[in-house]
Amino acid sequence: MNDLLFIGLTVLFFALTYGLVKVCERLMENKP
Amino acid sequence: MNFYSWFQIVLFMGILLLLTKPLGLFMAKVYQGERVFLDRLLGPVERFIYRVSGVNPEEEMNWKMYAIAMLVFNALGLFFVYALQRLQGILPLNPQGFGAVTPDSSWNTAVSFASNTNWQGYGGEATMSYLTQMLGLSVQNFVSAAAGMAVLAAFIRGIVRAPLSSPHFQNSKMGGQRGVGNFWVDMTRSTLYILLPLSLVVALVSVSQGVVQTFSQYKSVSWLQSTANATEQVIAVGPAASQIAIKQLGTNGGGFFNVNSAHPFENPTPFSNLIEMLSILIIPAALCYTFGKMVGDTRQGWALLAAMTIIFVALLGVAVWSEQSGNPAFAKMGIDQTQTNINPGGNMEGKEVRFGIVNSAIWATATTAASNGSVNSMHDSYMPLGGLVPMWLMQLGEIVYGGVGSGLYGMLAFVIIAVFVSGLMVGRTPEYLGKKIEAYEMKMASIMILIPVFVVLMGTAIALMSEAGRATIYNPSAHGFSEVLYAFSSAGNNNGSAFAGLGANTPFYNTILGFAMLIARYWLAIPALAIAGSLANKKKVPAGAGTLPTHTPLFIAWLIGVIIIVGALSFLPALALGPIVEHLMVFK
């Protein structure tokens, strides 16, 4: 159970990090 | 301080600066794909790796492709190290029969080693099998360091390159953007040509000094004089030398043994100590020259190295002075703290007699200036101002030499801020090395500087406000606060060293510090790559009469000022509650 929790937290973090990549990309294209 | 104290500092700094140019030149050739003397030996290995892994070394990546490759690679490494710890009880090379590491500690350690932090909530010799140490931790020492160096190489290419006008060169997969290199090639070349050869040399020198390298079981030895409770002692051994070499060179810092490089099997002699201290700073320092070489103006690299060195030497001076001045509590107890040729004097609590004050202080300063985190003395036992030095060096963002790769791209974020502010002062669009610095670069640089500040201060506040956070603070008052602030400064800047006295191997600290390490590593690397991508697609502007020279003493002083102001404004209130008030209490 705990293993799943930590695996899930890691996946969540990297999903958020991908979101940061998209935000940086949109800012570069000058989109709000 | 006597002659020997000064001599040790001058010797260390002299060798470090002498090695900067040759190693920096070599690394520039590696990242520019030029021939190096190791080509004949390692070229076939490199080509074999590309063939087996299906990598086309000629293929360029734009910044986003580069970032995603880095994230995927690091996430897979993290999961692998986690699984290895959870399954080590049923895996080979486990002569002590260690069971599975707990989920929270496994996750914290996996995050820690993947993010080049190497914070250790566990004791290596009492927790990890040889397989976990070698296949999990040592491998991550190499690849996490190589990932930082790869991001720096991409950043530099972003500055150097300009958009290609011919559509023939524009790869459709990259959306017409100029590439910043190939992540897999940079990773492979960093590991194969730089980290592995240097590690081999340092490991062999370490073994010659007495660092252990064996697969044998731990040794039981009889005591010369037995006590009522015990007649023998178990002495931990293992494949330590190979891990220690890369832990220093890759600015990782995770010790094979719990007391890290204070352990005589990790760092037995003053000579091994000198080699390990040089190994901590040599690659980050040399990367400054690599930067100058790659941008076509070595003065730019020397300027950054000068700014780093001035901050480093000034803070080293504070640390040595603070520790050499001694502890008034010891004076009251009648302990002689006078320095002589046979007595190091000063505050020797938590320090090894074979290293003394100066070599302990150089190490503490170097390990926190770089994002290394290994220790040869216990920072918790330093005088308050001596302890403030490593803490503040981390809080500056690990940019004074810094982690391999990450230190220099962090410093370049400060350069962007410095150039932008000076541009505002004279009313010109700021430029750096022929590239206009505009709002986008400023936003990304601001993210890079503000995220660690936010993580450190918010993490410390959450820990102090929560029952779980306060439960394992074992020292009262300002020192207890310093221990928590140090822990988050370390994790939130990917250092990994610790003030002891804080029980950090709990689900609360393992989880919250794990997140601090993840954010500090990847949420800085992404904006760094975004800056690279943005700059790579900007045309070069020829230098004019109004261009701010960025290699002069004036700019070096300005850059140091920006770093100190940001560092001071961000952390002075927190430091006032910890080491500063503790200093006033000790010397009242």
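The values are calculated or read from the model by the stated rules, or taken from the named source; none is laboratory data. The shown structure was predicted, so the numbers you read here are calculated from the model rather than taken from an experiment. Ideal geometry is used to build each Cβ from the backbone, glycine not excepted, and the neighbour counts take in all protein chains shown. The area values use the complete protein model at the heavy-atom level, side chains included, leaving out ligands, DNA and RNA. Shrake-Rupley method; radii C 1.70, N 1.55, O 1.52, S 1.80 Å.
Structural remarks
- Probing with 1.4 Å while keeping every protein chain in the model, the per residue accessible area of the protein assembly as shown equals 39 Å².
- The stretch B:1-154 shape via C-alpha gyration tensor axes, a/c threshold 1.5: oblate
- In this simple spin-label approximation, B:Thr231 and B:Arg51 carry label points 7 Å from Cα along the Cα→Cβ vector, and these lie 6.2 nm apart.
- Applying 1/(1 + (r/R0)^6) with r as the Cβ-Cβ distance of B:Ala126 and B:Arg354 and R0 = 25 angstrom yields a FRET efficiency of 0.55.
- Accessible area, probe 1.4 Å, largest first, for residues B:Glu58, B:Glu125: B:Glu58, B:Glu125
- Working from label points 7 Å from Cα in the Cα-to-Cβ sense, the A:Leu4 to B:Ala468 distance is 1.9 nm.
- Of the trypsin sites (Lys or Arg not before Pro) found in the stretch B:1-109, the ones in coil according to DSSP and having at most 10 other Cβ atoms within 10 Å of their Cβ are B:Arg35.
- Distance from the alpha carbon centroid of the stretch B:201-223 to that of the stretch B:108-166 works out to 25 angstrom.
- Checking every one of the trypsin sites (Lys or Arg not before Pro) in the stretch B:398-437 against DSSP loop status and a limit of 16 other Cβ atoms within 10 Å picks out B:Arg428.
- Helix B:439-465 axis versus longest C-alpha principal axis of chain B: approximately 20°, rounded to the nearest ten.
- Accessible-area order (highest first, 1.4 angstrom probe) of the listed residues A:Lys22, B:Lys539: B:Lys539, A:Lys22
- Buried between A and B is an accessible area of approximately 2200 Å², summed over both sides with a 1.4 Å probe.
- Residue-count net charge about B:Trp392 - beta-carbon cut-off 15 Å; Lys, Arg +1, Asp, Glu -1: -2
- In chain B, helices alone account for a calculated mean residue ellipticity at 222 nm of -19500 deg cm²/dmol, with every DSSP H run of four or more residues adding -39,500 (n - 2.57).
- Dipole of chain B [Lys/Arg +1, Asp/Glu -1 at C-beta], most positive-end residue of B:Asn372, B:Gly176, B:Val234: B:Gly176
- Relative contact order for the stretch B:227-345, counting Cα pairs under 8 Å that sit 6 or more residues apart, in percent: 13 percent
- Heavy atoms of B:Tyr440: accessible area, 1.4 Å probe, square angstrom to 10: 30 Å²
- Relative contact order for the stretch B:442-533: 39 percent, from Cα pairs under 8 Å spaced at least 6 residues apart, divided by residue count.
- Relative to the current alpha-carbon distance between B:Val201 and B:Leu274, full extension at 0.36 nm per residue lengthens the span by 24.9 nm.
- Full extension of the chain between B:Ile564 and B:Leu76 yields a length gain of 172.0 nm, computed as 0.36 nm times the residue separation minus the alpha carbon distance.
- Cα shape, the stretch B:210-274, gyration tensor, a/c 1.5 rule: prolate
- All aspartates and glutamates inside 15 Å of B:Lys538 as judged from Cα atoms, apart from same-chain residues fewer than 8 positions distant: A:Glu29, B:Glu431, B:Glu438, B:Glu441
- Classified by the C-alpha gyration tensor, the stretch B:476-588 has an oblate form. Its axis ratio a/c, with a ≥ b ≥ c, is 1.5 or above, and a/b does not exceed b/c.
- Neighbourhood net charge (13 Å Cβ-Cβ; Lys/Arg +1, Asp/Glu -1) for B:Met383: -3
- Of the accessible area of the stretch B:14-127, computed with a 1.4 Å probe over protein heavy atoms only, carbon and sulfur atoms account for 65 percent.
- Relative contact order of chain B, defined on C-alpha pairs under 8 angstrom at six or more residues apart (%): 19 percent
- Net charge over other residues, Cβ less than 14 angstrom from the Cβ of B:Lys247 (K, R count +1; D, E count -1): -2
- Dipole of chain B computed with +1 at Lys/Arg Cβ and -1 at Asp/Glu Cβ about the Cα centre; of B:Tyr218, B:Ala331, B:Trp523, farthest Cα towards the positive end is B:Trp523.
- In a simple Cβ point-charge model (Lys, Arg +1; Asp, Glu -1; nothing else charged), chain B has a dipole of about 1600 debye relative to its Cα centre.
- Exposure of B:Trp6 as accessible area (Å², to 10), given a probe of 1.4 Å and all protein chains: 150 Å²
- For the stretch B:73-228, a simple Cβ point-charge model (Lys and Arg +1, Asp and Glu -1, everything else neutral) yields a dipole of about 500 debye relative to the Cα centre.
- Cβ-based charge dipole, chain B, positive-most Cα from B:Val318, B:His583, B:Phe555: B:Phe555
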